[in-house]
């Protein structure tokens, strides 16, 4: 039985490898750890292969001075590295079972053969009575022992695991994230008809650090934005919740002027009431009080601007993106201290561009901690507002300490450290960090 197992260990190894690859669930971290474990095993095998003369002698040089079966010990270490890299308990058990059965059979069969062929010489070596031999490592002997097969197998195994890790990671990225989804609606109010909201929380465990509020364009239904992979990834990374919104106006004769944007008349409280309900239903009381991070497109940006004017103490940062009609001009000092990015597209309607540019200018003159982002070639589109907005929101969540920051030159599209946030005589952009200033510079330069 042992002889048969020893003879079949290579074919069995191929079958075990196929099964192991099918069951493996490697990650890049497990691959790195497995490689660290496995490399010494292959080095040991190469060292042993450079000394052993199979069936011609009892080798007593190199690693054979210390262990009787360094080639098999190297295989065990390689197997352990493969098991670690596979990131699977089932594969680890399979590798262990294969190594125990086949190598135990191989060592016993080999020792019996050596005992018979070299009689007392091998017994003396096994019992530690044989004198070690000083012999230099020989690369030609490595090749003669065909150790290159083990090297190729080692490299190939890790390449296959790397491919599996890549495919698995890509597939995971394509799958919609799981999480808690809730819906709420608020009865019609003084300045709005419908107010409907969708809440998404990545995980029920752990404290929520903020709420990203997603506001669509005029009278739009933005609740599907709670499933936006970009914002879900942001929520997972930063431990925040998402609230995606839908507001509609009651019928009136100037439909291009969104009444619900005037948040102080009821729509703002509707949002806060919905968030309070989500806090209670999700059993995360902190959701009702954590900073709001407001992102909005067009009328959604108008809503955000007016919300900051109304409740600046509730807002951590906000985005205005290419909206057209606003109810407030110079905002209160507390609102001007809330970090914000105001986007315009140089191909958008001139009225929108001029309105947002004017609002920025008057508030920046009053020391607003805001930046104007002029997107070259952009019309009435989302543009880069999500990417830059995410950077701004991360700064707000990290609690970036308000200080002098950085000043951006709107004409030259450059920036430099600021002496103070100040009240500039000519409009310029303000950033809390160099990271955001660099990102702004890349966007306005069209990169």
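A few points about this structure:
- Residue list for the range 253-268, filter: out of contact with any helix residue (DSSP H, G or I) (no Cβ under 6 Å at 6 or more places or on another chain), assigned to a helix (DSSP H, G or I) and surrounded by 18 or more Cβ atoms within 10 Å (Cβ to Cβ): 259
- Filter result for residue 316 (buried (at least 20 other Cβ atoms within 10 Å of the Cβ) and assigned to a helix (DSSP H, G or I)): no
- Residue list for the range 31-60, restricted to those being assigned to a helix (DSSP H, G or I) and in contact (Cβ under 8 Å) with a residue 60 or more places away in the chain: 31, 34, 35, 38, 42, 45, 46, 47, 49
- The set of residues in the range 239-252 being surrounded by fewer than 21 Cβ atoms within 10 Å (Cβ to Cβ) and part of a loop (DSSP other than H, G, I, E, B) consists of 239, 248, 249, 250, 251, 252.
- In the set 323, 296, only one residue is touching a strand residue (DSSP E or B) at 6+ places or on another chain (Cβ under 9 Å) and modelled with pLDDT under 95; that residue is 323.
- Residue match in the range 248-262 (condition: over 24 Å from residue 188 (Cβ atoms), free of Cβ contacts under 8 Å to residues at least 40 places away in the same chain and assigned by TED's automatic domain parsing to the domain that holds residue 209): no
- Some residue of the range 7-14 being at pLDDT 90 or above and either in the same structural domain as residue 144 (by TED's automatic domain parsing) or in a loop (DSSP other than H, G, I, E, B) (or both): no
- Extreme residue, surrounded by the fewest Cβ atoms within 10 Å (Cβ to Cβ), among residues of the range 65-110 that are outside any helix (DSSP H, G or I) and modelled with pLDDT under 90: 66
- Look at the range 67-83: where a residue is in the same structural domain as residue 107 (by TED's automatic domain parsing) and a partner is surrounded by fewer than 21 Cβ atoms within 10 Å (Cβ to Cβ) and part of a loop (DSSP other than H, G, I, E, B), sitting 6+ places away or on another chain with Cβ atoms under 7 Å, you get 73/67.
- All positions within the range 129-150 that are surrounded by fewer than 15 Cβ atoms within 10 Å (Cβ to Cβ) and in a helix (DSSP H, G or I): 139, 140, 143, 144, 148, 149
- Count of the range 322-343 residues, restricted to those that are more than 16 Å from residue 408 (Cα to Cα) and in contact (Cβ under 8 Å) with a residue 24 or more places away in the chain, is 14.
The values are calculated or read from the model by the stated rules, or taken from the named source; none is laboratory data. This structure is a prediction, so every number in the text was calculated from the model and none was measured. Neighbour counts are summed over all protein chains in view; Cβ atoms, including those assigned to glycine, are modelled from backbone coordinates with ideal geometry.
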